[in-house]
Each structure stands twice: as structure tokens, then as C-alpha cells.
Amino acid sequence: MFEINGKEYELKYDIDRVAMIENVCGSPMMADLIRYRGTLGISSLMNYTAYGLQEKGSGRYVNAKTGQDMAKALIQNVGYTTVTGAVLQALERDCPYMFETETEGVADDA
């Protein structure tokens with residue numbers, strides 16, 4: 001959770017939001033996270049933050065332009081590592097199906 005201009009904001013994601021972010025970024029989220037070992041480039045981090053921001057309890061996302069400005073300020077004020085950690089934590093919380101490590105019910109060829 002982040003405080004911006006006296007209001008509390010939280011990051012929220014669902015499969016549709018992740019798909020939207022992937023379209024904006026031009027690459028699959030999991031491919032980037034695996035390729036770059038859990039890090040995101042600045043522009044990707046700004047997009048993941050901007051498109052995930054909601055005023056706490058509102059259930060409504062901030063608009064993309066405002067979100068971009070807020071994301072940039074957050075990265076500059078609280079740091080890249082803090083924002084990256086918050087994004088990854090929210091993604092794992094909201095989209096656990098993206099981070100599954102076992103495949104239940106899939107036959108093993110071994």
C-alpha cells in the first residue's frame with residue numbers, strides 16, 4: 001500500500017489486467033520475470049504499477065496517464081526495489097495461478 005497526495009492506494013491485479021499490461025509492455029509477464037530473474041525494466045515496472053493502482057477500497061483503477069505519473073513518483077520517492085517488491089507481492093497474491101510450480105492431474109511421462 002502506498003500513500004500518494006494524502007490518499008491510500010493499493011495494487012490489485014486479475015487476469016484481464018495482466019493481459020492489458022502485457023499488451024502495453026509488448027511481452028509476457030512470466031517470460032520477463034523468468035528472463036530477468038524477478039526484476040522488471042523501469043518502463044515495465046511503471047506500467048505494472050500504473051495499471052494496478054486503485055484507491056484503497058474503491059475497486060476502481062486510476063486512469064493510465066495519472067497512474068503513469070504516480071508510478072514514476074513512487075519509484076523516485078520510495079525506490080525501485082520497494083515498488084518492484086510490492087508489484088510482485090500483489091501479483092502473487094491476486095494471480096496465484098500464474099506462479100504455480102506443480103501441475104496437478106497432469107500425467108508424468110517418466
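Listed values, structure above:
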| quantity | calculated |
| --- | --- |
| Segment 17-40 - residue that is small (Gly, Ala, Ser) and not in a helix (DSSP H, G or I) and, of those, surrounded by the most Cβ atoms within 10 Å (Cβ to Cβ) | 27 |
| Residue 89 under 21 Å from residue 3 (Cβ atoms), polar (S, T, N, Q) and open to solvent by 80 Å² or more (accessible area, probe 1.4 Å) | yes |
| Selected residue (criterion: surrounded by the fewest Cβ atoms within 10 Å (Cβ to Cβ)) from residues of segment 1-16 that are outside any strand (DSSP E or B) and not acidic (Asp, Glu) | 6 |
| Set 21, 15: member being within 21 Å of residue 99 (Cβ to Cβ) and in contact with a Cys (Cβ under 7 Å, 6 or more places away or on another chain) | 15 |
| Inter-residue pairs, beta-carbon under 7 Å, first aliphatic (A, V, I, L, M) and in segment 61-79, second in a loop (DSSP other than H, G, I, E, B) and surrounded by 18 or more Cβ atoms within 10 Å (Cβ to Cβ), 6+ apart | 64/51; 70/62 |
| Of all residues in segment 41-77 being small (Gly, Ala, Ser) and either at pLDDT 95 or above or in a helix (DSSP H, G or I) (or both), the one that is most open to solvent (accessible area, probe 1.4 Å) | 43 |
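The values are calculated or read from the model by the stated rules, or taken from the named source; none is laboratory data. Worth saying up front: this structure is predicted, and the values here are computed from it rather than measured. Neighbour counts are summed over all protein chains in view; Cβ atoms, including those assigned to glycine, are modelled from backbone coordinates with ideal geometry. Just so you know, the surface numbers come from the protein's heavy atoms only, side chains and all, with ligands and any DNA or RNA stripped out. Shrake-Rupley method; radii C 1.70, N 1.55, O 1.52, S 1.80 Å.
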